[in-house]
Amino acid sequence: MTEHTNAQKAPPTRNSIPSNTIFIGQKPLMSYVTAVVMQINSGGQELAVKARGRMISQAVDVVEVCRRRFFAGKLNITEIRIGTEVLGEEGQSRNVSTMEIKLEKKN
């Protein structure tokens with residue numbers, strides 16, 4: 001009898017995620033806004049906000065609240081990347097949209 005193993009890409013570990021990256025999920029909006037504000041105020045000049053699927057609109061909201069309320073005129077969007085990830089296994093795969101918004105603090 002032979003065993004078949006599927007070589008799947010391991011999910012990123014906490015150590016491989018850059019410290020200046022915030023992933024948007026199911027938490028309330030202000031939790032992520034607080035995370036962005038703390039990251040920028042702790043000396044970070046660049047920050048990436050990432051989301052996928054239905055959370056993309058929440059990521060945009062987080063960035064806009066930070067730009068307009070907390071860092072009025074001091075936070076720039078330097079880059080926006082969009083893409084698609086294929087999730088699931090063969091026959092059950094589906095496409096999920098992704099978005100990454102890079103922010104930079106003006107001096």
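The phi torsions of segment 69-86, fed into the Karplus equation with coefficients 6.51, -1.76 and 1.60 and a -60° offset, translate into couplings of 9, 9, 10, 3, x, 10, 10, 10, 8, 8, 7, 10, 10, 10, x, 9, 10, 9 Hz, rounded to whole numbers, with Gly and Pro shown as x. Using the alpha-carbon centroid of each, what span in Å lies between segment 93-107 and segment 32-65? Measuring centre to centre over Cα atoms gives 9 Å. With the Cα gyration tensor of the chain giving a ≥ b ≥ c as the square roots of its eigenvalues, does the rule (a/c under 1.5 for rounded; else a/b larger than b/c for prolate; else oblate) give rounded, prolate or oblate? It is prolate, given that a/c is not under 1.5 and a/b is the larger ratio. Backbone amide hydrogens, once placed in the peptide plane, bring Phe23 within less than 5 Å of Lys50, excluding anything fewer than 5 places away on its chain. Close Lys pairs in the chain (alpha-carbon distance under 25 Å; sequence gap of 8 or more, or different chains): 11.
Selection among Ala51, Val86, Phe71 by position relative to the dipole of segment 33-98 gives Phe71 as farthest towards the positive end (Cβ unit charges, Cα centre). Each label point was placed 7 Å from the Cα along the Cα-to-Cβ direction; for Ser97 and Thr21 their separation is 2.1 nm.
In sequence order, segment 50-57 has phi-based couplings of 10, 7, 9, x, 5, 7, 4, 5 Hz under the Karplus curve 6.51 cos²θ - 1.76 cosθ + 1.60, θ = phi - 60°, and Gly or Pro positions carry x.
Applying the Karplus relation 6.51 cos²θ - 1.76 cosθ + 1.60 with θ = phi - 60° to segment 101-107 yields 3J(HN,Hα) values of 10, 9, 10, 9, 8, 6, 8 Hz, where x marks Gly and Pro. Sparse packing (at most 15 other Cβ atoms within 10 Å of the Cβ) combined with a DSSP loop state is found for the following trypsin sites (Lys or Arg not before Pro) in segment 61-107: Lys74, Lys106.
Take the Cα of Ile80, step 7 Å toward its Cβ, do the same at Ser31, and the gap between the two points is 2.5 nm.
A DSSP coil position with no more than 14 other Cβ atoms inside 10 Å describes the following GluC sites (Glu not before Pro) in segment 11-107: Glu89, Glu90.
Bear in mind these aren't lab numbers, they're just calculated from the coordinates by the rules spelled out. Source: prediction; values computed, not measured. All Cβ positions, glycine included, derive from the backbone under ideal geometry; neighbour counts span all protein chains shown.
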